[in-house]
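Reviewing the structure listed below.
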């Protein structure tokens with residue numbers, strides 16, 4: 001099936017696209033929404049502008065649209081982006097998204113795909129979050145934490161690469177604070193630096209930590225696409241876990 005992938009550059013949307021590819025679907029376009037509202041109900045915002053670099057790394061065309069991020073109204077911008085994609089390619093018959101547990105997001109994407117007669121693929125829906133994280137690592141995903149906003153997640157988490165220790169730390173914080181292990185509640189945000197879909201890796205050249213009160217972001221100012229080598233480990237960007 002020819003499909004669109006709703007794409008934020010984070011772990012969930014990227015892994016959902018990867019699973020769709022594994023199921024032999026053909027990803028014709030990535031679709032990204034850049035929200036002016038950092039607290040958008042629908043869309044990931046930290047470093048969202050890097051989706052174009054990631055799309056280049058995947059050799060997949062991307063449709064990028066701006067949105068003010070106003071609750072419910074932002075759905076019209078998503079609808080317009082999907083409409084543009086199917087107008088470009090009438091063979092598109094499905095959409096893949098990375099929702100895990102957010103009924104708000106899942107039901108709204110479902111209503112849009114139904115309107116266009118498209119099949120909605122949600123390969124992560126209701127899956128165990130710890131298992132998802134471990135499967136991402138096993139598949140060779142290199143995932144960096146780029147924003148945090150929850151109890152127990154301090155500035156030191158910005159720039160950490162998700163590995164077994166990070167998962168153990170998240171399990172501990174889940175027991176203490178109740179945070180969602182896969183951050184479906186927005187407890188943290190991520191950026192995929194490398195995965196099997198990428199023909200090149202994302203290398204961070206310049207970044208800055210911004211911290212306000214009990215939350216913060218790693219603002220990535222410049223990146224480059226870097227060649228991949230067979231003998232390079234899966235967790236590719238140095239296991240130095242933070243960036244200054």
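The values are calculated or read from the model by the stated rules, or taken from the named source; none is laboratory data. On a predicted model such as this, the values are computed, not experimentally measured, just so you know. Glycine gets a Cβ as well: all are built from the backbone with ideal geometry, and neighbour counts include every protein chain shown.
Worth pointing out:
- Residue list for region 85-124, restricted to those being in contact with a helix residue (DSSP H, G or I) (Cβ under 9 Å, 6 or more places away or on another chain), assigned to a helix (DSSP H, G or I) and within 18 Å of residue 29 (Cα to Cα): 109, 112, 113
- Checked against (1) out of contact with any helix residue (DSSP H, G or I) (no Cβ under 7 Å at 6 or more places or on another chain); (2) buried (at least 18 other Cβ atoms within 10 Å of the Cβ); (3) at pLDDT 95 or above; (4) within 15 Å of residue 11 (Cα to Cα), residue 157 meets all criteria but (4).
- For residue 171, the test of being touching a helix residue (DSSP H, G or I) at 6+ places or on another chain (Cβ under 6 Å), part of a helix (DSSP H, G or I) and at pLDDT 95 or above is failed.
- Any chance residue 205 is at pLDDT 85 or above, closer than 24 Å to residue 149 by Cα and either assigned by TED's automatic domain parsing to the domain that holds residue 165 or crowded, with 16+ Cβ neighbours inside 10 Å (or both): no
- For region 125-146, a residue qualifies if it is in contact (Cβ under 8 Å) with a residue 12 or more places away in the chain, out of contact with any helix residue (DSSP H, G or I) (no Cβ under 9 Å at 6 or more places or on another chain) and over 25 Å from residue 107 (Cα atoms), and the qualifying residues are 140, 142, 144, 146.
- Residue match in region 19-35 (condition: assigned to a loop (DSSP other than H, G, I, E, B) and under 20 Å from residue 183 (Cβ atoms)): no
- Scanning region 1-16 for residues that are closer than 18 Å to residue 61 by Cβ and in contact with a helix residue (DSSP H, G or I) (Cβ under 8 Å, 6 or more places away or on another chain) yields 3, 4, 5, 6, 7, 8, 9, 14.
- Close pairs from region 163-183: first free of Cβ contacts under 8 Å to residues at least 40 places away in the same chain and assigned by TED's automatic domain parsing to the domain that holds residue 143, partner in a helix (DSSP H, G or I) and surrounded by 15 or more Cβ atoms within 10 Å (Cβ to Cβ), Cβ under 6 Å, at least 6 apart: 167/133; 179/173
Every residue, every condition in (1) under 19 Å from the mean Cα position of the chain (by Cα); (2) free of Cβ contacts under 8 Å to residues at least 60 places away in the same chain; (3) surrounded by fewer than 19 Cβ atoms within 10 Å (Cβ to Cβ), yes or no:
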{"residue": "29", "(1), (2), (3)": "yes, no, no"}
{"residue": "32", "(1), (2), (3)": "yes, yes, no"}
{"residue": "63", "(1), (2), (3)": "yes, yes, yes"}
{"residue": "74", "(1), (2), (3)": "yes, yes, no"}
{"residue": "81", "(1), (2), (3)": "yes, yes, no"}
{"residue": "93", "(1), (2), (3)": "no, no, yes"}
{"residue": "96", "(1), (2), (3)": "yes, no, no"}
